[in-house]
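Read through the structure below, which is laid out as structure tokens, and then see the notes.
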Amino acid sequence: MSDSNQTMTPEEVLEKYRVEREKRLRADGTAQYRELTDDWAEFDRDPFVEPGFTRDPVIEDTDVVIIGAGIGGLTTAVRLAQNGVTDMRILDRAGDFGGTWYWNRYPGCMCDVEAYVYIPMLEETGFMPSEKYSKAPEIFRQCQLLGEKYDLYSKALFQTESHEAHWDDEARRWIVKTDRGDELRARYIVVAGGILHKAKLPRIPGIETFKGHAFHAARWNYAVTGGGPTELPTKLGDKKVAVVGTGATAVQIVPTIAPITEQVYVVQRTPSAVGVRNNCQTDPDWFFNQEPGWQQERMWNFTAMTSGLPLDEDMVGDAWTEVYRGEMANGGVDKTKLPDDQRLLADVEIMNRWRSRIEDIVEDKDTAEALKPWYDMWCKRPCFHDDYLPAFNRDNVKLLDTDGQGIEAVTPTGIVVQGKEYPVDIIVFATGFETGTMYKSRMHFELYGRDGKSLSEDWAEGTQAHTLHGLLSRGFPNAFLYSGAQGGFATSIVHSLQDHAEHVGEVVSALKERQATLIEPTPEAEEEWWNWIMTGFQYGYDQMKECTPSWLNGEGNRDPSRMKLSIYLGPLKHYSDKLREWRANGMPGVEIS
Ligand code: NAP
């Protein structure tokens, strides 16, 4: 292994982190991105449905309306059904279940968290992922299987948008109207819109003048590239393609299209840290002979491991858990208890190894140097891929590094990077998703609670967010919000969503059993909850504050006044135990009638 990084002292490395961060800080923060509405709406069009779909409006009373048919909404519907609550409607603007896995169908799309942990409810359907790390179509298929098994297609309203729900205090119901003329009057509402849901574009001058094809990675245009989600593009052999962005999405696209594209330009603002993948086929003998309950056990093992909780066994044993395994082997350092400077130094060693990996793989020295990430391990989401770095050894793949400044402009025929124009036929924007904002912006959805007050107004755009468990909020009875704010979170986000789903399934069925029609947290319970959130807060908050800009820290300009929109930054296990205990104790701190 190369070791040129090792010649720098840890202090020099930290100084380099600071310098690289400074380069990337921008006054416009998250405002550097534009919404895909109005003139930009074409970038957000669903390319996976036939145009012209119509149906009759649905006017009905129901027990539960779920906004969002992604993994959060879907697993909630399953848990409700398993608890005997089957009178429900599930709404989504997409044409099927799946959420992230409905929209993201770009070439090479896969999940870099182990499939046996990530893909929800494998034991419920008996579905065996073919590899340790699944390609997107398998995850999408499992979502469909869950929909089929629990008769959820009959309850789904797809290609349907709803932008608001109003609380009717007298009837104790949420009223949800949609763009297809539906009117649903529901006892409970679950808002599960996803946190990486709304595709965004940087405000690069000239995009609108481009005469070739440009699209966002989460709306891959197979009509232009040929191929489809389960087959490689067929029309790129004579095309020059620019991939803008080098996050987890681009890391999967670039090596997949490189062998079938005339020329790939990879436009980089900040390099990702790319660790080893080591994918392999699933052994059916092992898979089908596990004890019932194996998936929950494995999920909890992974989540506990990647929350830094001490464990005897690492069941997943991959590059995600390696980071923590190393620390355990070194005496079980609990990073959350280390002062800032020592914690950063603990991660420098790992990042040095990852940087050396680049030198070992990428032959061109300048390219290798430009691909090195200079920030703390957890400042950006780490990526894992075995073909991304080798792709830069191909003659037809060129890294266009922007030294932290981003792509300069788009012209009618190409892109401009560091003053030089590169002609291209296709631009793929792998530029991520809006995060950290209120529902209204992120989901185009607003709740109007008691007295018609909107959630945005009540939460004062996040500065006064108040919840119990990150799910219930006073003034918005019978609403369960999967907003991320003040809720539990895990490395595998699907684990935290399933935890929410289990909770809502049990709470709603318990309320039905009691013949209750209303649940609403008390102000005292919400305050107590926030105080508890703060116990797991400072470490994560401090860690992100000094990080290189990314979607994880508001592009480096994290607004302290919106701290209350933060997730619970401690281990999911602690959060989940709290919720279980609350249910077992008869749901204290809420008014139920
Ligand atoms: P992302 O991580 O937000 O990356 C966006 C990329 O676009 C970054 O490299 C960013 O650079 C770059 N960018 C933004 N504006 C630019 C500009 N003006 N010029 C040049 N580059 C620009 O988005 P993503 O890759 O779609 O991933 C989003 C999240 O989805 C991930 O963090 C992960 O949580 C999830 N994901 C998961 C998987 C999986 O396997 N489980 C796969 C894909 C995605 P900067 O870094 O400088 O901002």
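Glu183 meets the conditions (1) in the same structural domain as Leu472 (by TED's automatic domain parsing); (2) surrounded by 16 or more Cβ atoms within 10 Å (Cβ to Cβ) in every case but one. The failed one is (2). At least 1 residues being closer than 17 Å to Trp300 by Cβ and at pLDDT below 95 is the threshold, and among the helices (runs of 4 or more DSSP H) wholly inside segment 100-143 not one reaches it. Listed by first and then second residue, the pairs with beta-carbon distance under 6 Å, at least 6 apart or on different chains, first residue in segment 517-537 and assigned by TED's automatic domain parsing to the domain that holds Val64, second assigned to a strand (DSSP E or B) and among the β-branched types (Val, Ile, Thr), are Ile519/Val590; Ile519/Ile592; Pro521/Val590. Could you tell me whether Gly29 is on the phi > 0 side of the Ramachandran plot, more than 18 Å from the chain's Cα centre (by Cα) and in contact (Cβ under 8 Å) with a residue 40 or more places away in the chain? Taking the combined requirement at face value, the residue satisfies it.
Exactly one residue out of Met351, Met377 is within 22 Å of Lys23 (Cβ to Cβ), within 16 Å of the ligand (Cβ to nearest atom) and not assigned by TED's automatic domain parsing to the domain that holds Val264: that is Met351. Taken over segment 242-285, the residue count meeting the criterion of being of a type outside the set (D, E, K, R), over 25 Å from Ile350 (Cα atoms) and either more than 14 Å from the ligand (Cβ to nearest atom) or in a strand (DSSP E or B) (or both) is 16. Within segment 34-50, residues that are closer than 20 Å to Gly99 by Cβ have Cβ atoms under 8 Å from residues that are modelled with pLDDT under 95 and small (Gly, Ala, Ser) in these pairs: Glu35/Ser441; Leu36/Ala199; Phe43/Ala199; Asp44/Ala199, counting only partners at least 6 apart in sequence or on another chain. Gly95 meets all of the listed conditions (1) open to solvent by less than 10 Å² (accessible area, probe 1.4 Å); (2) part of a loop (DSSP other than H, G, I, E, B); (3) within 19 Å of Ala199 (Cα to Cα) but one, namely (1).
Can you find even one residue in segment 540-548 that is under 18 Å from the mean Cα position of the chain (by Cα) and open to solvent by 10 Å² or more (accessible area, probe 1.4 Å)? Within segment 540-548, one or more residues are under 18 Å from the mean Cα position of the chain (by Cα) and open to solvent by 10 Å² or more (accessible area, probe 1.4 Å).
For Val424, which of the numbered conditions (1) of a type in the set (Val, Ile, Thr); (2) outside the structural domain of Pro560 (by TED's automatic domain parsing); (3) surrounded by fewer than 18 Cβ atoms within 10 Å (Cβ to Cβ) fails to hold? The failed condition is (3). Look at Asp151 and say whether it is touching a Pro at 6+ places or on another chain (Cβ under 8 Å) and either surrounded by 15 or more Cβ atoms within 10 Å (Cβ to Cβ) or in the same structural domain as Leu91 (by TED's automatic domain parsing) (or both). Against the criterion (touching a Pro at 6+ places or on another chain (Cβ under 8 Å) and either surrounded by 15 or more Cβ atoms within 10 Å (Cβ to Cβ) or in the same structural domain as Leu91 (by TED's automatic domain parsing) (or both)), Asp151 does not qualify. Of the residues making up segment 72-91, not a single one is among the β-branched types (Val, Ile, Thr), in a loop (DSSP other than H, G, I, E, B) and within 16 Å of the ligand (Cβ to nearest atom).
Okay, residues lined up against (1) within 25 Å of the chain's Cα centre (by Cα); (2) surrounded by 22 or more Cβ atoms within 10 Å (Cβ to Cβ); (3) assigned by TED's automatic domain parsing to the domain that holds Glu555; (4) within 30 Å of Ile427 (Cα to Cα):
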position: Gln263; (1), (2), (3), (4): no, no, no, yes
position: Gln268; (1), (2), (3), (4): yes, yes, no, yes
position: Cys280; (1), (2), (3), (4): yes, no, no, no
position: Asp283; (1), (2), (3), (4): no, no, no, no
position: Phe287; (1), (2), (3), (4): no, no, no, no
position: Trp300; (1), (2), (3), (4): yes, no, no, no
position: Ala304; (1), (2), (3), (4): yes, no, no, no
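Taken over segment 195-222, the criterion of being within 9 Å of the ligand (Cβ to nearest atom) and open to solvent by 50 Å² or more (accessible area, probe 1.4 Å) is satisfied by Leu196, Arg203.
The condition (being more than 28 Å from Asp44 (Cβ to Cβ), part of a helix (DSSP H, G or I) and of a type in the set (S, T, N, Q)) is satisfied by just one residue among Gln295, Gln290: Gln295.
Just a yes or no: is a residue in segment 485-506 farther than 30 Å from Val323 by Cα, assigned by TED's automatic domain parsing to the domain that holds Gly72, touching a residue at least 40 places away in the same chain (Cβ under 8 Å) and open to solvent by 10 Å² or more (accessible area, probe 1.4 Å)?
Pass one, segment 485-506, residues farther than 30 Å from Val323 by Cα: 503-506.
Next, only the ones that are assigned by TED's automatic domain parsing to the domain that holds Gly72 stay: 503-506.
Next, from what is left, pick out any that are touching a residue at least 40 places away in the same chain (Cβ under 8 Å): 503-506.
Imposing the further condition that a residue be open to solvent by 10 Å² or more (accessible area, probe 1.4 Å) reduces the set to 506.
Taking every residue of segment 485-506 in turn, at least one turns out to be farther than 30 Å from Val323 by Cα, assigned by TED's automatic domain parsing to the domain that holds Gly72, touching a residue at least 40 places away in the same chain (Cβ under 8 Å) and open to solvent by 10 Å² or more (accessible area, probe 1.4 Å).
Within segment 146-198, the residues that satisfy the criterion of being without any contact (Cβ under 8 Å) to a residue 60 or more places away in the chain and either part of a loop (DSSP other than H, G, I, E, B) or touching a Gly at 6+ places or on another chain (Cβ under 7 Å) (or both) are Tyr153, Glu170, Ala171, Asp179.
The values are calculated or read from the model by the stated rules, or taken from the named source; none is laboratory data. Everything numeric here is computed off the predicted structure, so don't read it as measured data. So basically every Cβ, Gly included, is an ideal-geometry build from the backbone, and we count neighbours across all protein chains shown. Each accessible area value is taken on the protein alone, full model and side chains, heavy atoms only, with ligands, DNA and RNA left out. Shrake-Rupley method; radii C 1.70, N 1.55, O 1.52, S 1.80 Å.
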